[in-house]
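Heads up, the thing below is written out as structure tokens.
The values are calculated or read from the model by the stated rules, or taken from the named source; none is laboratory data. A quick note: this is a predicted structure, and the numbers were derived from the prediction, not measured. All Cβ positions, glycine included, derive from the backbone under ideal geometry; neighbour counts span all protein chains shown.
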Amino acid sequence: MKRFLGLMTMIVALAFTARAQEYVALNYTFHKGELYELEQKSRSETYMTINEIVQRTTRDYNNIITMDVTDVNPGKTTLTFRYKDLKFNFNAKNQNIFVDAKVTNDKEPFQAGLKKVLDQPFTVEIQTTGIINKVEGLDQILDNAASAFNSLKKDEQAAYKKLMKDQFGTAAFQSWLEQLLIMYPAHGIKTGTQWEENVPMRGGLVGSIDLYWNLQTWDTQTAKIGGTSKIKTDKVQMLTLDDDIKATAEISGTTSSNYLVNRSSGFPNICVQTTEMNGEYTYKADKAKRIKHDLKVPVKVVTNASYKIKQMK
């Protein structure tokens, strides 16, 4: 009996070793008419120290997005995205904005704005490797949604429009999607292989993101992939922050990701991510903003997120 068990253990070990040495092709494969649903839950906390006073800003997202496969061509696919559920909680400077886009709240203009975003289609063109060619239609949706702010004062309109663009605009959306989806190598890989890509930071900060992935295990249906990224801003590029403050940013950080990938589509069934960034802003002297001289502002950002993607049809 012991000899039999030992033989079976050896067979299993040899089978595992053989599988580890096999090459597997990973990519995005879609068929027209398929429908997927993406659920996002994330929380981001930003800490800034201004004149020795710590200011904390939190952003919470609880969103559901559908993705229709509307056009399939050699090497690329067009997906039509729609926000089906959109909950956003923003807390900063003793101001709290909670939005459930499905619920009417006449006292919160941002809610009226995001309600206009629900069910509105915009498209993403993605290569079979996961590189995103373009995002179209999203900024037009936000421009239309901004009409909800027309009754506000000019400075309030500008503040709400900036908040909406920073959180949900094309640049922010593409940057988020590029860090969520894996960009697969064009060739077959085996267990233990690491590969990488580089993408620009989009949206508020200017810089670059080095993305790294490694294949941990795989079978006929799934693959487990670990991911890391290195984030670094361009410290000489001028930015416009909240309250129209001009600044440069010297910030760096890392993201750690774990994926369980569905091999039939290439989408992650589950993704869990943790990001931490540290550094400082340099507020530029501006008499109108009562900034007498360049001001160093230490900053720390921590984000925890989880995502689920499932096929609906």
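Data table
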{"item": "Conditions (1) closer than 20 Å to residue 306 by Cβ; (2) at pLDDT below 95; (3) aliphatic (A, V, I, L, M): number failed by residue 67", "result": "(2)"}
{"item": "Those helices (runs of 4 or more DSSP H) lying entirely in region 79-186 with at least 3 residues under 21 Å from residue 306 (Cβ atoms)", "result": "170-180"}
{"item": "Among residues of region 265-313, those that are buried (at least 16 other Cβ atoms within 10 Å of the Cβ), assigned to a loop (DSSP other than H, G, I, E, B) and not polar (S, T, N, Q), counted", "result": "3"}
{"item": "Total residues in region 214-241, condition farther than 14 Å from residue 280 by Cβ, surrounded by 14 or more Cβ atoms within 10 Å (Cβ to Cβ) and touching a residue at least 40 places away in the same chain (Cβ under 8 Å)", "result": "8"}
{"item": "Whichever residue in region 280-313 is at pLDDT 95 or above and basic (Lys, Arg) and, among such residues, is nearest to the chain's Cα centre (by Cα)", "result": "308"}
{"item": "Residues of region 202-252 classified as in contact with a strand residue (DSSP E or B) (Cβ under 7 Å, 6 or more places away or on another chain), outside any loop (DSSP other than H, G, I, E, B), farther than 25 Å from residue 130 by Cα and not β-branched (Val, Ile, Thr), total", "result": "5"}
{"item": "Some residue of region 17-28 being at pLDDT 90 or above and either part of a helix (DSSP H, G or I) or in contact with an Asp or Glu (Cβ under 7 Å, 6 or more places away or on another chain) (or both)", "result": "no"}
{"item": "Output for region 87-136, where each listed residue is touching a Ser or Thr at 6+ places or on another chain (Cβ under 9 Å), surrounded by 15 or more Cβ atoms within 10 Å (Cβ to Cβ) and within 30 Å of residue 188 (Cα to Cα)", "result": "123, 124, 125, 126, 127, 128, 135"}
{"item": "Qualifying positions in region 191-228 - of a type in the set (Lys, Arg) and modelled with pLDDT under 95", "result": "202"}
